[in-house]
Amino acid sequence: MKVLVYSSFTFSYLNRARVLYQTLRRFHPDWETVALITDEPPPGFVFDPASEPFDRVVWAKDLGIEAFRGWLFRHDVVEVCTAVKGPFLHQVCEAGEADIAIYLDPDTALFAPLDPLVEMLGASDILLTPHLIDPNDDRASILDNDLSASRTGIFNLGFVAIRTTGEGARFARWWNDRLLAFCYDDIPSGLFVDQKWCDHVPALFDRVKVVRDPGYNVASWNLSKRKVAITRDGEILVNGATLRFWHFTKLGPTGDVMTKRYAGDNFEVYEVWRWYKEAVAAATDPAIPERWWAHGQFDDGAPIAKPQRVLYRERTDLQAAFPDPFAGGYQAWWKAEGPGRNG
Amino acid sequence: MGQGDVPERKRRALATAFDPVFYRTVYDDIARVGADPFLHYVETGWREGRDPAPWFSVSAYLERYPEADGGDPFAHYLLRGWSEGCEPSPSRHRERFLERIGASRKPITIAPVSTPSEVEIPEPVASVHVDPDVHVEPDLLVDPDPQGEPAPDLPPGLTLEAARALIAADFDPAFYLSANPDVAAAGQDPLEHYLLAGRWEGRDPRPGFKAADYLEVNPDVAASGMDPFLHWLVAGRAERRPLRFELGFRGRIVAGLVPLQARMAAAARAAAGIAADRPRGLAPLSAASQAAGLHVTFSHDDFTKRIGGVQLCLQAESKGLVRRGIDHLHVFPAVPWPTLRPAGGRVPLGVVWNGRTLGHFAVGDILKALGKRRAGPRTTLAVHSLLGHEIGETLDILAAAGARRGLFWLHDFAGLCAGYHLMRDEARDCGAPPAGSAACRVCVFGPGRDLHLSAHRRLFEALDLTLVAPSQAALDTWSAAPDAPAATAVQVHPHARLVPSGRFAEAAEGPLTIAFLGMPSAYKGWPVFTDLAERFRDDPRYRFVRLGSAAAPGAPADHIEVSVTADNPHAMREALDSARVDVAILWSLCRETFSFAAYEAAAAGAAILTGPDSGNIAAFTRTGGHGLVLPDEASLFAQFESGAVQSLSRKVRRPEICEIEYSGMSVDLLEALS
């Protein structure tokens, strides 16, 4: 059974991704690991894939996406890093490179083997982990967690695992198609990047398993209902189940506040986070600027504002007129004739 | 996950974060016409570019995040911007606002002190019943003019004098001086110091209020730049804002952990500053000797200079050797190390010869000096601790001395892990799980575990060592560890025993006296004791004391000064007896291998209260009937809540006072070795 695991990120997340791949190698040295990167290395940083803890790199620009530069411009960094997940997964299925394909967000890390997932994929073709597997009881938690999941998606797409045939392959094609056209953060329109789409999965596909084991995809949004314990045998348990992987969303003060709000005196949660922060710090290369993204700016170095992307996204005439909007033409139009003309 | 735009949620978010005092203070026209500041902001204010709070600038936010244009930028931030990493900028009116309410970070000119009766002090807000589900406009609670018609020159918020009076009413001068010995030493008035400097330096005004914690749990207050204590007094208390995230003391320990590599690097830097003494200082090692033998010991420090359990053992060992006419060479690291020392980078080692410190020497010089020594009739060894030692050097020194047979003392569990108390992340007993376990991988000591295990395995394989445990409990822990190195033999040899004196403890009248003994460190259970003492500090049934050499600043217990020394080893027992201590809280979080404190408490007639993870304290307490072993901290608090702990008073128990008879430590065992 050949298993392929991939993550999608930019160079500012390379430190987190390194930690993920290190943990993947520890538990699954025989699985193929792929880094799907939508970025270019920052000046001064020498990127040597051979010395990284993953097997190979796939650049988003090599996925064969039609009119790639224009398509890329229509997305901000979160949108595009989630959008490329679909095309890559579909291509893995088409190529027959693996029996099982697993996506993990770069800010996840393994604490135990994921073998039970492989077993689940004997009886199912698609595995998803919901944000919540237990309803919250108090109003603040419902506002923070339940309603947030209702808006942004029932399942957290920091993880998805499929068989590369059957319903898994059909899902990958459908996801590819939707993400190429509709992978935006536009909640009023019913979109939240790649994630909200997957609310449809149990309705559209057979052989779907909702993984309700609390040891998978532990994160600040479900800590209100998950208690972490570390035993004298050395196991880390979540509600009594082995911790498989944690989703370290929002590394920094914002994440700390949400974690403290819901972990309370469950100090084992802070132990897990402490380790992660130390591991990420050790994996951080100071040559990479903190918020680096090569495609966050026009070719002349001017930052791209979100409204500039949104307008380009909405107007096919602009897309036709400026097939490479990173080059000067669209920028000049924006200033002379577009919304930028008023300063 | 993103945030949606739900009207009810939006209203709640805005109402919670909006600052009506700020709004009325900086926009005079609002106060003048008597408009409701919140409604004004929601309906027209944000469109006019007015700011809703001192920490939020509408115009700056729009400039930075143009995607927020088209709606209220404040709502955008509160509902989704913060979660996407958007950062607000302070209002350009902030400084003016803070100055007007007397909360500016700028140097404050203190007006002549007004007595509380001369200033208008708001109603004591804590007495106002607040339904947590009902939003309370903070301005209603602090507005000095309930008619809503402030005089044109008066700010509608607090005056500086009112702020001073408000702080004074809730400020604890005794606590402040205790927690800030520098202020006490300078003879400064504590309140004046707090007002002028302390509150901006992060100093805390009273027990139970930590400025840093308040700011963390209330990020809007932090962003506003206001004095957090003043904020709590005028608004936060009425709003029932949390004072802190309730992480528990273990969570706080984890938050303060320093990575092991950083600790080791700090030790290496300190060691680099130590110059080796000239080798002639080692002459006594090479001199012709009539001694009956040589005994070589290793530990983590100079036992002649410091005091503690291991040092007491070595002092007794050294004296016993002198009495038997055996030379004693003791080797220790020149600076304290948190772990064993990895190979590479030689640093000097300290040398004590027959109880006299000779200095710090290069390892090569020590080896040469031992090489010149004429082989004696017998050479033995005892390893008390290898912290700070590099195993290769240790084995070289022992080989040069001709020592192969000896004792390995189980004073701690450094033979199993760099976390030699077996406290995972210094927060909880770990039980020494398998080295590759998930627990060890997340633990701060995880990266040092292999170093300790492999070095000790090498030690035990190279030498003929008897593992000596000061208690059966310590030996049981070692034996149960799956990775423990194998010793030639094992033996339990307690450091002391109790000898009944025939005298019974005198009962004391008054409250039950509860004591903490020794260093106020977390692994000895100090946070548990302080939580207990703070909870019951005003309870007339109890009195809390701490017996130790130095006072613990800000401690919620009376300090009784006690220094245990080689000349006065019974000082703690005598102080416990003299203070009529009823109960000793020996809530060690780690597995104590012996615990002199437990013997001292029992000898003085104090009952011991301990927890399940305290190693030999729990075993000693249970087997000797010296007190209670409780299952958890909740049970400890329950004992005090119900008063059940009163059954442990000296009056009820009438315990017998005991003498403590110390063993000869290694010397008792050397005969068997030879």
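The values are calculated or read from the model by the stated rules, or taken from the named source; none is laboratory data. Everything numeric in this text was worked out from a predicted model, so none of it was measured. So basically every Cβ, Gly included, is an ideal-geometry build from the backbone, and we count neighbours across all protein chains shown. To get the accessible areas, we keep the full protein, side chains included, count just its heavy atoms, and leave off ligands, DNA and RNA. Shrake-Rupley method; radii C 1.70, N 1.55, O 1.52, S 1.80 Å.
Here are a few things to note about the model shown:
- Filter result for the condition that a residue is under 22 Å from A:Val211 (Cα atoms) and surrounded by 15 or more Cβ atoms within 10 Å (Cβ to Cβ), over A:Ala35, A:Ala98: A:Ala98
- Those residues of segment B:388-411 which are open to solvent by 10 Å² or more (accessible area, probe 1.4 Å) and either within 14 Å of chain A (Cβ to nearest Cβ) or touching a His at 6+ places or on another chain (Cβ under 7 Å) (or both), in sequence order: B:His411
- Tabulated pairs, segment A:307-319, first farther than 12 Å from A:His75 by Cβ, second in a helix (DSSP H, G or I) and basic (Lys, Arg), C-beta under 9 angstrom, 6+ apart or interchain: A:Gln319/A:Arg313
- Flag if B:Val258 is within 14 Å of chain A (Cβ to nearest Cβ) and surrounded by fewer than 17 Cβ atoms within 10 Å (Cβ to Cβ): yes
- Matching helices (runs of 4 or more DSSP H) fully within segment B:544-657 where at least 1 residues are closer than 22 Å to B:Ser501 by Cα and out of contact with any helix residue (DSSP H, G or I) (no Cβ under 9 Å at 6 or more places or on another chain): B:571-578, B:616-624, B:650-653
- Selection status of B:Val296, touching a Ser or Thr at 6+ places or on another chain (Cβ under 8 Å), closer than 17 Å to B:Leu387 by Cα, surrounded by 23 or more Cβ atoms within 10 Å (Cβ to Cβ) and β-branched (Val, Ile, Thr): yes
- Residue check for B:Gly273: modelled with pLDDT under 95, outside the structural domain of B:Leu349 (by TED's automatic domain parsing) and either farther than 30 Å from B:Leu670 by Cβ or surrounded by fewer than 17 Cβ atoms within 10 Å (Cβ to Cβ) (or both): no
- Within segment A:178-199, tally of residues that are without any contact (Cβ under 8 Å) to a residue 12 or more places away in the chain and in a loop (DSSP other than H, G, I, E, B): 1
- Within segment A:221-245, the set of residues being more than 8 Å from chain B (Cβ to nearest Cβ) and either under 19 Å from A:Asn15 (Cα atoms) or touching a Lys or Arg at 6+ places or on another chain (Cβ under 7 Å) (or both) comprises A:Val238, A:Asn239, A:Phe245.
- Taking the criterion of being of a type in the set (Lys, Arg), assigned to a loop (DSSP other than H, G, I, E, B) and open to solvent by 30 Å² or more (accessible area, probe 1.4 Å), the residues of segment B:328-373 that qualify are B:Arg346, B:Arg373.
- Any pair with Cβ under 6 angstrom, 6 or more apart, that starts in segment B:412-432 at a residue that is away from every other protein chain (no Cβ under 12 Å) and farther than 18 Å from B:Ile617 by Cβ and ends at one that is polar (S, T, N, Q) and open to solvent by less than 10 Å² (accessible area, probe 1.4 Å): B:Ala418/B:Thr339
- Within segment A:200-224, the only residue that satisfies the criterion of being open to solvent by less than 20 Å² (accessible area, probe 1.4 Å) and without any contact (Cβ under 8 Å) to a residue 40 or more places away in the chain is A:Val218.
- Any chance B:Pro540 is under 29 Å from B:Asp632 (Cβ atoms) and at pLDDT 90 or above: yes
- Test: A:Phe182 is open to solvent by 50 Å² or more (accessible area, probe 1.4 Å) and closer than 21 Å to A:Gln91 by Cβ: yes
The rows are residues; the columns are (1) under 30 Å from B:Arg653 (Cβ atoms); (2) in the same structural domain as B:Tyr176 (by TED's automatic domain parsing); (3) crowded, with 22+ Cβ neighbours inside 10 Å.
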position	(1), (2), (3)
B:Asp464	no, no, no
B:Ser471	yes, no, yes
B:Ala474	yes, no, yes
B:Phe504	yes, no, no
B:Lys524	yes, no, yes
B:Arg537	yes, no, no
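- Looking only at segment A:101-116, residues that are within 14 Å of another protein chain (Cβ to nearest Cβ) and open to solvent by 20 Å² or more (accessible area, probe 1.4 Å) come to 2 in all.
- Qualifying residue in segment A:117-127 (condition: within 14 Å of chain B (Cβ to nearest Cβ), touching a residue at least 24 places away in the same chain (Cβ under 8 Å) and of a type outside the set (A, V, I, L, M)): no
- The helices (runs of 4 or more DSSP H) found entirely in segment B:244-300 that carry 1 or more residues being charged (D, E, K, R) are B:248-255, B:260-272.
- Take the conditions (1) surrounded by fewer than 17 Cβ atoms within 10 Å (Cβ to Cβ); (2) within 14 Å of chain B (Cβ to nearest Cβ); A:His131 misses just one of them, which is (1).
- Residue in segment A:162-176 that is assigned to a strand (DSSP E or B) and open to solvent by less than 30 Å² (accessible area, probe 1.4 Å) present: yes
- Helices (runs of 4 or more DSSP H) within segment B:158-240 that include 3 or more residues open to solvent by 10 Å² or more (accessible area, probe 1.4 Å) and under 24 Å from B:Glu99 (Cα atoms): B:160-170, B:190-196, B:211-217, B:219-224
- Which numbered condition B:Glu534 misses (of (1) part of a strand (DSSP E or B); (2) more than 26 Å from B:Leu498 (Cβ to Cβ)): (1)
- Evaluated against (1) out of contact with any Gly (no Cβ under 9 Å at 6 or more places or on another chain); (2) within 19 Å of A:Val77 (Cα to Cα), A:Met258 falls short on exactly one condition, (2).
- Summed over segment B:435-445, residues that are in a loop (DSSP other than H, G, I, E, B) and either at pLDDT 95 or above or more than 14 Å from chain A (Cβ to nearest Cβ) (or both) total 4.
- Restricted to segment B:371-427, and to residues there that are over 30 Å from the mean Cα position of the chain (by Cα) and among the β-branched types (Val, Ile, Thr), the residue that is farthest from B:Lys524 (Cα to Cα) is B:Thr379.
- Qualifying helices (runs of 4 or more DSSP H) (wholly inside segment A:246-315; at least 2 residues being more than 23 Å from A:Asp186 (Cβ to Cβ) and at the interface with chain B (Cβ under 8 Å from one of its Cβ atoms)): A:253-263, A:267-283
- Pick from segment B:72-101, criterion more than 14 Å from every other protein chain (Cβ to nearest Cβ) and aromatic (Phe, Trp, Tyr), ranking: nearest to B:Glu161 (Cα to Cα): B:Phe97
- Taking the criterion of being more than 17 Å from B:Ala515 (Cβ to Cβ) and open to solvent by less than 20 Å² (accessible area, probe 1.4 Å), the only residue of segment B:631-656 that qualifies is B:Gly643.
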